[in-house]
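Below you'll find the structure, written out as structure tokens, and then a few comments.
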Ligand code: SF4
């Protein structure tokens, strides 16, 4: 039977950040572009849907690293050896093919191969050295990962103690908080020998505000899904380019802070709904364009907003 998709109200860190950046971008991303994958959708909706799928070169680099680490971890879980150099070279070749696909704007007709880069969509002048730096970020992160303690640690975990590896399964990677679906996709979660649950999140850039809340959300998800005591979960952020690790403590105060942010954020989102029960947004006018033009200069929706700067 064909699955019917419904635009249900949910919460995630990225949704919260989109609303904080620009209300109009939030409207486009989570409401107006809904259904844009359908052939019979209005042109405007299809266009917004295509735009929202674009990566920036930075998010592209981040997903390439996450994908490669995920593949390596899955191989370790299956007790398969990983040739790190070959895996890094495969990532390089994939990214070169994606770059060509994007530069030729073939993503407009074929998004299954790659969703495209905002830099190509808007003809941004990016110097070759800058593209090269982007690849160096990916390569540096992966080289550090394979030289770090993580591959040996992962290989030593018996199958029954693995919990999750970047499942990206939106039907399951969520938990309910006050009746709201909260999306949480931990990069790596397992049980230590003494049963302590561990959750790790890989990062390609430097530390940013909101990262702590993100892993606290992962701890809550893992605790609920596997019926574990959330206070026992240990969480870490691993900065693959800096080669550093940072533990994020789970404490009653940290959980209360998470909940407070969550309530504030969902309250603001709900205030923008005409029909909260059906998750129907108010009209576009209720979602003003940001006055911060530096945000527009990086935004995927700058054309529909008339903020292409030229
Ligand atoms: S172009 Fe600017 S105003 Fe329009 S959605 Fe993007 S950030 Fe908001």
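No lab work stands behind these numbers, since they all come straight from the coordinates. Since this is a predicted model, take the numbers as computed values, not measurements. Please note: Cβ atoms are built from the backbone with ideal geometry, for glycine as well, and neighbour counts cover all protein chains shown.
Tabulated values for the structure
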item: For region 218-255 and region 272-299, distance of Cα centres in Å; result: 32 Å
item: The chain: relative contact order in percent, alpha carbon pairs under 8 Å with at least 6 residues between; result: 19 percent
item: 18 Å cut-off, amide nitrogen to a point 7 angstrom out along residue 8 Cα→Cβ, residues in region 136-179; result: 168-179
item: Shape of region 157-250, Cα gyration tensor, a/c cut at 1.5; result: oblate
item: Fluctuation leader among 264, 164, 21 - the chain, Gaussian network, Cα springs under 10 angstrom; result: 264
item: Potential lengthening between residue 242 and residue 133 on full extension [0.36 nm per residue; Cα-Cα distance subtracted]; result: 37.7 nm
item: Estimated 222 nm signal from helices in the chain, with DSSP H stretches of n ≥ 4 weighted -39500 (n - 2.57), rounded to 500; result: -13500 deg cm²/dmol
item: For region 13-60, convex hull of alpha carbons as volume per residue, Å³; result: 81 Å³
item: Gap separating the Cα centres of region 1-68 and region 110-171, nearest whole Å; result: 20 Å
item: Value of relative contact order over region 115-189, rounded to a whole percent, pairs C-alpha under 8 Å and six or more apart; result: 21 percent
item: Contact order relative to length of region 220-308, as percent, for alpha carbon pairs under 8 angstrom and 6 or more apart; result: 12 percent
item: The chain shape via C-alpha gyration tensor axes, a/c threshold 1.5; result: oblate
